[in-house]
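The values are calculated or read from the model by the stated rules, or taken from the named source; none is laboratory data. This one's a predicted model, so the numbers in the text were calculated from it and none came from an experiment. Cβ atoms come from the backbone with ideal geometry, glycine included; neighbour counts cover every protein chain shown.
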Amino acid sequence: MTTTDTPLAAAHPVLTAIEARVLGTLMEKARTVPDSYPLSLNSLLLGCNQKTSREPLMELEEAQVATATANLRELGLVHETSGGRTTKFTHNFQRGMGVFEQAAVLLGMLILRGPQTAGELRLNTERWYRFADISSVEGFLDELLERSAEKGGPLVVKLPRLAGTREQRWAHLLCGPVDLSELEGARGGQVSGGTAERVERLEQEVAALRLIVNRLCTELGVAP
C-alpha cells in the first residue's frame, strides 16, 4: 500500500449534487473505459445522465456539467486537457482528497450509486478494484469514518439500520451531512413500488392457476 500526495486543502470541499455526479462519472470512466478517457464534455454529459448504475437518475444539461467541471477545476479535483479540437477532462480525486486508491474507489461508488452496504460495495466495485473480502472494504470505510480533522474530517457515515435489514449502509459526506429523512422517503418509495409489482405478479399467477384447476376439473368431471 502506497501513501498519497499531501491533500490540497485541510478541510474537504462540500460539493453540489451535480459536481459530485460529474466527479464520480470521471472516476468511473477512467477505470471502466480507459480507451475513451479523458472525457469530452459531451461524453461526460452522457455518463452523468446514463440510466444504469446511477442513484438518483439525473437529466443534466450541458451548461450544468460545464459549470460543475469549472468549479471542480478550481477545487483541484478535475483537470482540463487540451489537444486536438476538443477539450477533455480528467479527475484528480485521489490526490485532491488525500486518500488511498481503495478509499477513492469506495467513495466514487457511493457518489454514483448512493448508500450501500459493505457487501454491495465490494460487489459493485469489482470493475474498479477487486477487494479481497468484505473485511477489507470495511477497513477502508472505517478509516474514512475516523478521518482526523487535520485531514479534513470524516468522508463517510454509517447510517442507522433500516427496519427489516441485517446490515447497515454507508453514505459519503462529500455533499455535506446526509439527510436521513430524504433517504428514508426514497427507500420507502422503492419498497412500495417493489411490493406493488410483486402483488400484481402473484395475482396473475393465481389467476393462471385457477384456469388450470378449472380445466382439469372439467376434464375429470368433478366440481372445482
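A few comments on the model shown:
- The sole residue among R130, R122 that is modelled with pLDDT of 95 or more, touching a Phe, Trp or Tyr at 6+ places or on another chain (Cβ under 6 Å), assigned by TED's automatic domain parsing to the domain that holds L41 and over 25 Å from A68 (Cα atoms) is R122.
- Residue that is surrounded by the most Cβ atoms within 10 Å (Cβ to Cβ) [pool: residues in region 67-101 that are more than 17 Å from K29 (Cβ to Cβ) and among the hydrophobic types (A, V, I, L, M, F, W, C)]: M97
- Residue ID - surrounded by the most Cβ atoms within 10 Å (Cβ to Cβ), chosen from residues in region 154-182 that are without any contact (Cβ under 8 Å) to a residue 12 or more places away in the chain and among the basic types (K, R): R161
- Test: residue in region 120-130 that is farther than 22 Å from K29 by Cβ, free of Cβ contacts under 8 Å to residues at least 40 places away in the same chain and surrounded by fewer than 22 Cβ atoms within 10 Å (Cβ to Cβ): no
- Region 211-224 residues that are part of a helix (DSSP H, G or I), paired with ones that are at pLDDT 70 or above (beta carbon under 9 Å, 6 or more apart): L216/V222; C217/A223
- Output for region 51-70, where each listed residue is of a type in the set (S, T, N, Q), touching a residue at least 40 places away in the same chain (Cβ under 8 Å) and within 22 Å of N124 (Cβ to Cβ): S53
- When the helices (runs of 4 or more DSSP H) confined to region 46-123 are screened for residues that are within 12 Å of the chain's Cα centre (by Cα), those reaching at least 2 such residues are found at 101-113.
- Only one entry of E150, E184, E146 meets the criterion of being at pLDDT below 95, closer than 22 Å to Q102 by Cβ and acidic (D, E), and that entry is E150.
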